[in-house]
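Encoded as structure tokens, the structure appears first; notes follow it.
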Amino acid sequence: MPKKLKGVRRQGSKWQVFVKVSGQFLSTTFEEYDPVKMLAWQEQEKSAKKPQSLATGSLAEKAAEYFAKPEIAAQLYIDQKKAHLELWLEALGPDTPIAAITRDQVEAMVQTWLKTLAEATVYHRRASLLAVFTHVYGSHAENVVLDTTVPAAWTPRDQSVDYATLAKILETMPTERLVSKGIRQPSAARIVCELLMHTGVRGCDLVQVRRSHLDWSRGIVQMPPTKKGQGGKWWPCVLTPDGLDAMRAFDAANLYGAFSPAAVSHSWKRACRRVLGHDTPVHLYSLRHSVGADTLRASGDTTTVGRVLGHAPGSRMSEQYSKGAHAEVDRRAVEAMAAARQAMLAGKVAKGVPPAAGGHPTAAPRLRKKLRDTGKSRNVNTLRRVV
């Protein structure tokens, strides 16, 4: 029988053929395995797209309806989505009827942005427009945005920085801030950055921490459920001795929910530019990547990195955050493997086993035992039973 087609499986005495169209799986059955008819049915279902209903109203009106929905307005990154839609309104025209927007218009803007912007940036811009069209036409209906190019959502890359450089950047940050004339207080930005450098938590998660979440005797902070990505559950953040000192400074300044992660990020970026130059790619999130890479160097286990950073079990992000240490850990593992092999060979030489002609020791040859001819006795016993 020829190679089985994709989307075809045996079901009893028949063959089931299925295909995914507009996010839904459609299936049918055939009495016999006929690749030509099966492929024709799949192509027919793919081409038979549901007609796009005519929607009234301009793109700006539909975008306003979408953002007015309570579940959308409550999203964490709603301001970024609105900024993305503003770019689409500028490119396509705010008064353009949404039913008049074509696939080629959307594709042209996607390709234009891809020439100068990162794929992840264009991905999020396209996703914002797709959300509005999905709001208008429904989640299972075809629309012009679905047929356009889908850029990569993210590109894994090493964003970690060695600890010595991070400490140097931190030293350039001011230790105090002027509250009012003659009144100075410890710099909140520096305290927060030092805590992030030793724990690897996100600034948006740290701002949710309260004093009741700390267990000083065990050196653990119970981190609240994160709103990042798909969300997460409570997870314990284990503090190192340096992290515990940074947490005490954070507690003494009473910064629980009293700092702006965006302001801290700007302060850290200014310090990075002073040390590494104006075009440095180092930013506040590099602290989290650096903790992940250093954890992998110490443990050699990506799962441990995920637990330290509070990732969901099996998250692929653990691999991303520890990427900076992959080459070093791999090299150390290969060298340990080679050393173990050499130790095995050295152990055999110590036992007095002479090396082979190629210089490598070999195991001492063993004489084969004389095999007992079991066939003769089996035949004799068979004849006795017959007689």
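The values are calculated or read from the model by the stated rules, or taken from the named source; none is laboratory data. In this text the structure is predicted, and so the values were computed from the model without any measurement. Here the Cβ is made from the backbone with ideal geometry for all residues, glycine too, and neighbour counts use every protein chain on show.
List of remarks:
- Helices (runs of 4 or more DSSP H) fully within the stretch 280-354 counting 1 or more residues that are at pLDDT 90 or above, closer than 27 Å to Ala262 by Cβ and among the hydrophobic types (A, V, I, L, M, F, W, C): 286-299, 302-309
- Candidates Gln185, Gln159, filtered to the one that is touching an Asp or Glu at 6+ places or on another chain (Cβ under 8 Å) and at pLDDT below 90: Gln185
- Residue among Val305, Val264, Val238, Val282 that is farther than 18 Å from Ala164 by Cβ and touching a Cys at 6+ places or on another chain (Cβ under 9 Å): Val264
- Matching residues, the stretch 16-69, being assigned to a helix (DSSP H, G or I), modelled with pLDDT under 85 and of a type in the set (Gly, Ala, Ser): Ser47
- Taking the numbered list (1) in a helix (DSSP H, G or I); (2) over 19 Å from Arg307 (Cβ atoms); (3) within 28 Å of the chain's Cα centre (by Cα) in turn, Asp205 passes all entries but (2).
Conditions (1) without any contact (Cβ under 8 Å) to a residue 24 or more places away in the chain; (2) surrounded by 13 or more Cβ atoms within 10 Å (Cβ to Cβ); (3) of a type in the set (Gly, Ala, Ser), marked per residue:
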| site | (1), (2), (3) |
| --- | --- |
| Glu71 | yes, no, no |
| Asp79 | yes, no, no |
| His84 | no, yes, no |
| Leu92 | no, yes, no |
| Ile98 | no, yes, no |
| Arg103 | no, yes, no |
| Met109 | yes, yes, no |
| Thr116 | yes, no, no |
| Glu119 | no, yes, no |
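- First in the stretch 142-167 and closer than 16 Å to Arg103 by Cβ, second anywhere and of a type in the set (D, E, K, R) and part of a loop (DSSP other than H, G, I, E, B), Cβ under 7 Å, 6 or more apart: Glu142/Lys49; Glu142/Lys50
- Residue selection: Gly200 satisfies the criterion of being in the same structural domain as Ala262 (by TED's automatic domain parsing), under 23 Å from the mean Cα position of the chain (by Cα) and surrounded by 13 or more Cβ atoms within 10 Å (Cβ to Cβ).
- Arg157 among the charged types (D, E, K, R), within 30 Å of Leu195 (Cα to Cα), assigned by TED's automatic domain parsing to the domain that holds Leu195 and in contact with a helix residue (DSSP H, G or I) (Cβ under 9 Å, 6 or more places away or on another chain): no
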